[in-house]
Amino acid sequence: ARNAEESQKHRKWKTRLTDLKSPREYQALSRELELGERQVREADERLLELMQQTEEKEKLIQEKQDHLREEEQKISVKVRELRDAQAKLQKEADIREKDRETILSGLNPRVIKRYDTIRKKKQGLAVARLKNGNCTGCNMAVRPQLSVESLRFDTLIDCPACRRIVVHEDLLKAPAAE
């Protein structure tokens, strides 16, 4: 709009140039006309430059939006996979919980209470393996007598250091096929 006004002014001045009589008036109007034309040219160039920058920015925005859509799709697939895995793990946990309840129904309530108490205190790890005379829960050496007693498996043996229930590794090995 401003350029149009300037152009209108310049046309009017050009028509006035032919009507002027004195060289001073002609020179002043001529300089004014040149200055105005230069300003219009500079404004047009700046406008073109801004339009080019706008196009570049719009292309960049479009590229970023496309990239964002691709990433959203990848994340959507990953979320779906994780939800499926979560559902699978939940089913497995439910089965394990039922198995646990079945096993617990055949155990002495004092043993269950002792196990649960240790498990709560030891962040879920109530039983440790006795391997090479060391408790795998705390990596402390256990007296040889406790190691021998744990092999009999007639009572529950506690690690003297971490207070976890220890089971000798030989008792955990699969029995040979008969």
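Data for the structure
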| quantity | calculated |
| --- | --- |
| Per-region count, segment 146-166, residues modelled with pLDDT under 90 and not acidic (Asp, Glu) | 10 |
| Top-ranked residue in segment 37-65 [being open to solvent by less than 100 Å² (accessible area, probe 1.4 Å) and hydrophobic (A, V, I, L, M, F, W, C); ranked as nearest to Lys14 (Cα to Cα)] | Val40 |
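Each row is one residue, and each column tells you yes or no for (1) of a type in the set (D, E, K, R); (2) modelled with pLDDT under 75.
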position: Ala1; (1), (2): no, yes
position: Ala4; (1), (2): no, yes
position: Lys9; (1), (2): yes, yes
position: Ser30; (1), (2): no, no
position: Leu33; (1), (2): no, no
position: Met51; (1), (2): no, no
position: Thr54; (1), (2): no, no
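The values are calculated or read from the model by the stated rules, or taken from the named source; none is laboratory data. Remember, predicted model here, so these are calculated numbers, not experimental data. To get the accessible areas, we keep the full protein, side chains included, count just its heavy atoms, and leave off ligands, DNA and RNA. Shrake-Rupley method; radii C 1.70, N 1.55, O 1.52, S 1.80 Å.
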